[in-house]
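The next block holds one structure in the form of structure tokens; read it before the comments.
The values are calculated or read from the model by the stated rules, or taken from the named source; none is laboratory data. Keep in mind it's a predicted model, so treat the numbers as computed, not measured. All Cβ positions, even for glycine, are placed from backbone atoms using ideal geometry, and neighbour counts span all protein chains on display. Areas reflect the complete protein model, heavy atoms only, side chains present, ligands, DNA and RNA absent. Shrake-Rupley method; radii C 1.70, N 1.55, O 1.52, S 1.80 Å.
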Amino acid sequence: VCVCVFSSFCHSLLGTEERQRRIAEMEQRKRDEEERRRQEAEQRRLEAERLAWEEQQLRMRQEHERMIREQEKSLRETEARLERQKWEEDELRRKEEKLFASMPQWKKDLVLKKRREQGEY
């Protein structure tokens, strides 16, 4: 408690100092709040970038897996086509052999002679 002659003046000074201190505290709280908001915004921006990167990686991985599946399917189809073609060629060869075996000898000799001339044997 102030007991000086200028007590009202002292009190007004004290009031001014207290007001200034409160104003300084409010300004500091405002700066702290602005900094907190700025940091939160930066955190959200970084999180959004991370999520976008992860989504891009996921899309790239899915596209890669899709391409692999398509290649595997194409390979299976090619293998099946080659297997079918081999079977058809074997079947045709068996029929030719069966037909050749059923021919009279003179005709077999003629066929063999033609094949030699054409370079087949």
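Just one of Trp106, Trp87 is in a helix (DSSP H, G or I), loosely packed, with under 10 Cβ neighbours inside 10 Å and not aliphatic (A, V, I, L, M); which is it?
Numbers: Trp87 fails: loosely packed, with under 10 Cβ neighbours inside 10 Å.
Only one candidate passes the filter, namely Trp106.
For every residue, the table says whether it meets (1) open to solvent by 100 Å² or more (accessible area, probe 1.4 Å); (2) modelled with pLDDT under 95.
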position: Cys4; (1), (2): no, yes
position: Glu40; (1), (2): no, no
position: Arg59; (1), (2): yes, no
position: Ile68; (1), (2): no, no
position: Lys73; (1), (2): yes, no
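Flag: Ala80 does not match the condition of being open to solvent by less than 100 Å² (accessible area, probe 1.4 Å) and either modelled with pLDDT under 95 or among the polar types (S, T, N, Q) (or both).
Note on segment 12-33: among residues that are open to solvent by 100 Å² or more (accessible area, probe 1.4 Å) and of a type outside the set (A, V, I, L, M, F, W, C), the one that is modelled with the lowest pLDDT is Glu17. Looking only at residues that are modelled with pLDDT under 95 and not charged (D, E, K, R) in segment 90-103, which one is most open to solvent (accessible area, probe 1.4 Å)? The selected residue is Leu99.
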